[in-house]
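A short write-up of the structure that comes next.
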There are 2 protein chains.
Amino acid sequence: MVDEVTLKDGVAEVVLSVPHKNTPICERLERSVKEAVQHLNEELKLAVRFSEMTQKRRAQFMNQVEGGPKPAQSQNQIDKVVAVLSGKGGVGKSSVTSLLAVALARMQQRVGILDADITGPSIPKMFGLREPPIMGDFGLLPVETDLGIKVISVNLLLPGEDEAVIWRGPRISGAIKQFWQEVFWGELDYLVVDLPPGTSDASLTVMQSIPLSGIVLVTSPQDLAGMVVRKAARMAVHLGAPLVGVVENMSYVLCPKCGEQFEPFGPSRTSEILQHIPVPFLGQLPLDPLLAETCDAGGVESYSLDTITPIVEAVTERMAKESRTPQGSR
Amino acid sequence: MVDEVTLKDGVAEVVLSVPHKNTPICERLERSVKEAVQHLNEELKLAVRFSEMTQKRRAQFMNQVEGGPKPAQSQNQIDKVVAVLSGKGGVGKSSVTSLLAVALARMQQRVGILDADITGPSIPKMFGLREPPIMGDFGLLPVETDLGIKVISVNLLLPGEDEAVIWRGPRISGAIKQFWQEVFWGELDYLVVDLPPGTSDASLTVMQSIPLSGIVLVTSPQDLAGMVVRKAARMAVHLGAPLVGVVENMSYVLCPKCGEQFEPFGPSRTSEILQHIPVPFLGQLPLDPLLAETCDAGGVESYSLDTITPIVEAVTERMAKESRTPQGSR
């Protein structure tokens, strides 16, 4: 609580930071300080002043006083936070999140995944994770995948993966904040946040409460998906969240019999997103039956990274550039 | 406000329904009634009694008193309300909603679509609707498609289809309630409600505030989608909303070159939904590039109904059966 100690003209001034000024505890603190100083030097003149804590400091202090675990947040060192956003459901946000995390982990990066899709969490199943996270000294410990990717998701906390989370907005937002503030992520190079569809509570909370380094937009070739993705992109621009680029997923499929490559969702209309939102195009990904099967079996870490790698390289390159230009960072 | 008039043993009794009993207005009303009756027959003995309105009747009365437009809800006669639910995004809820509505309209049914996907509304684009709804005597008038399907969606009310609706839960719920209560649907055989992904505010509000006759679940072959659909189904069971059946969408695709039929999302895992949730299987729909293109061009009413028709027949049959058995209705 000692904010500052100064010695001037033979008078020592001690400034104590207190939750609120003019409370009984201030007198007691003043007495304690005077006794302690006199014990060291009976001659010294002493003045004790009080400064009032900010809300943030107050919250930390209360936490310490309550003797609970220290907030994980103050222990975490997370270099970059990337959110995977679409607005539209079912375009492959969770697949892109997972493959991005796997590719980064294979590049020797320390990676975490925060599954912000509270009512439709897909990440644990894709990695075959089932055991619940345990409580550590600083907060909830994420569950680690075979590659060492740290994962937190509502589905790891439910008694069964089919359980429905029937929560209104405030509880959804509360859970996401807890995943950010009260999970002991430790040191990470990248935390990848998997967002749910929509531009309501979950997306708002992630954009307002988590310091995002960049947002990767995922779309599918359909203009119908593109329209909803453009809404999400506008939301990000509106809230000042930095867009890294657009990935088009499920762009083409290969016929397993004749090898013909065709477009199951029709020709790409992603150029219409790029016309409206000034954001680079990061690349296309195929619709691959093997990815669906691999994810259902919990084996996304064994899936080929051939198609995702150029996209991940573009993302990391752009984000390194962003963090060098101050106007691009937050 | 006149509830009942009886004549017995030479005494006329008039029962007036009032918002609350024992208020000053009761005396004034009693005087008015006595004056009016004496004006007709000076000899008649008259007793005036008061009954208190129910909450619902009171709300309607207050609305009348305020001189605003009569609530649309009291004018609407909607025979059956079917919600299309998935929990998971991008499995084709909006396609199923639209094709269901088109098939019903072709069967000479009067059909409306309430687009409850407030942040990602797809219905207007699929039908090529752009003009805003106008205000009628009883409330907002839905926009009609070529086939006469009445549509209400947030996207019809926005200045541009790309505008983001960045609302937290309560406003989402408020909009859905307005679409139900303040839109003049008139007489409909079926109102089809297109739900957004998730089991949060929008789905909760639809299940709690709209008297649903049945819910059609939509899934894709992936178990990952199925898991989220099982969550949504549990929510419906939990809230007592009646499940009609499950449709599996994007089950197979045809190679345009060699005609091979294959499974772009891997083999069907829908049987695992049926193991856990006691609900009939209504059928499979293909992934068809032509449907994506047709919807992007606003022409869903011209799309072939071959694959959806057996599903719609199963839905109408099941719902007719439900409404004959009292325990199945609400």
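What the table shows:
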| item | result |
| --- | --- |
| Set B:305, B:274: member being over 26 Å from residue B:126 (Cβ atoms), more than 10 Å from chain A (Cβ to nearest Cβ) and more than 20 Å from the chain's Cα centre (by Cα) | B:274 |
| Those residues of region A:130-147 which are of a type in the set (A, V, I, L, M) and open to solvent by 40 Å² or more (accessible area, probe 1.4 Å), in sequence order | A:134, A:135, A:141, A:147 |
| Meets criteria (facing chain A (nearest Cβ under 10 Å) and open to solvent by 30 Å² or more (accessible area, probe 1.4 Å)) for residue B:320 | no |
| Restricting region A:108-129 to residues that are touching a residue at least 24 places away in the same chain (Cβ under 8 Å) and out of contact with any strand residue (DSSP E or B) (no Cβ under 7 Å at 6 or more places or on another chain), the residue that is surrounded by the fewest Cβ atoms within 10 Å (Cβ to Cβ) | A:128 |
| Subset of region A:100-128 that is charged (D, E, K, R) and under 16 Å from the mean Cα position of the chain (by Cα) - its residue that is farthest from the other protein chains (Cβ to nearest Cβ) | A:110 |
| Residue satisfying all of: in region B:75-99; part of a helix (DSSP H, G or I) and under 25 Å from residue B:224 (Cα atoms); nearest to the chain's Cα centre (by Cα) among these | B:97 |
| Matching residues in region B:267-302 - criterion: being acidic (Asp, Glu) and free of Cβ contacts under 8 Å to residues at least 12 places away in the same chain | B:293 |
| Residue within region A:250-258 that is surrounded by 24 or more Cβ atoms within 10 Å (Cβ to Cβ), farther than 24 Å from residue A:154 by Cβ and within 13 Å of chain B (Cβ to nearest Cβ) present | yes |
| Selection within region B:241-253 - over 17 Å from residue B:267 (Cβ atoms) and among the aliphatic types (A, V, I, L, M) | B:241, B:243, B:244, B:247 |
| Residue satisfying condition, being modelled with pLDDT of 95 or more and hydrophobic (A, V, I, L, M, F, W, C), within set A:114, A:140 | A:114 |
| Residues satisfying the stated conditions in region B:148-163, i.e. open to solvent by 60 Å² or more (accessible area, probe 1.4 Å) and under 27 Å from residue B:74 (Cβ atoms) | B:157 |
| Test for residue A:181: is it within 13 Å of chain B (Cβ to nearest Cβ), under 14 Å from residue A:81 (Cα atoms) and open to solvent by 10 Å² or more (accessible area, probe 1.4 Å) | no |
| Flag for residue A:244 being away from chain B (no Cβ under 14 Å) and open to solvent by less than 10 Å² (accessible area, probe 1.4 Å) | yes |
| Count of residues meeting criterion [facing another protein chain (nearest Cβ under 8 Å) and over 10 Å from residue A:221 (Cα atoms)] in region A:259-269 | 2 |
| Restricting region A:275-313 to residues that are polar (S, T, N, Q) and over 12 Å from residue A:99 (Cβ atoms), the residue that is surrounded by the fewest Cβ atoms within 10 Å (Cβ to Cβ) | A:275 |
| Residues of region B:190-237 that turn out to be open to solvent by 10 Å² or more (accessible area, probe 1.4 Å), in contact with a helix residue (DSSP H, G or I) (Cβ under 7 Å, 6 or more places away or on another chain) and more than 11 Å from chain A (Cβ to nearest Cβ), as a count | 3 |
| Close pairs (8 angstrom Cβ cut-off, 6 or more residues apart or separate chains): closer than 20 Å to residue B:133 by Cα and more than 9 Å from chain A (Cβ to nearest Cβ) in region B:155-175, in a helix (DSSP H, G or I) and open to solvent by 40 Å² or more (accessible area, probe 1.4 Å) anywhere | none |
| Extreme residue, surrounded by the most Cβ atoms within 10 Å (Cβ to Cβ), among residues of region B:259-274 that are in contact with a helix residue (DSSP H, G or I) (Cβ under 7 Å, 6 or more places away or on another chain) and under 22 Å from residue B:231 (Cβ atoms) | B:265 |
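Listed here are the residues, each with its yes/no results for (1) within 45 Å of the chain's Cα centre (by Cα); (2) outside any helix (DSSP H, G or I); (3) closer than 25 Å to residue B:57 by Cα.
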| site | (1), (2), (3) |
| --- | --- |
| B:16 | yes, yes, yes |
| B:25 | yes, no, yes |
| B:31 | yes, no, yes |
| B:35 | no, no, no |
| B:38 | no, no, no |
| B:42 | no, yes, no |
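The values are calculated or read from the model by the stated rules, or taken from the named source; none is laboratory data. Quantities reported herein were computed from a predicted structural model and do not represent experimental measurements. With ideal geometry, Cβ positions are generated from the backbone for all residues, glycine too; neighbour counts draw on all protein chains shown. Ligands, DNA and RNA are excluded from the accessible area calculation, which covers all protein heavy atoms including side chains. Shrake-Rupley method; radii C 1.70, N 1.55, O 1.52, S 1.80 Å.
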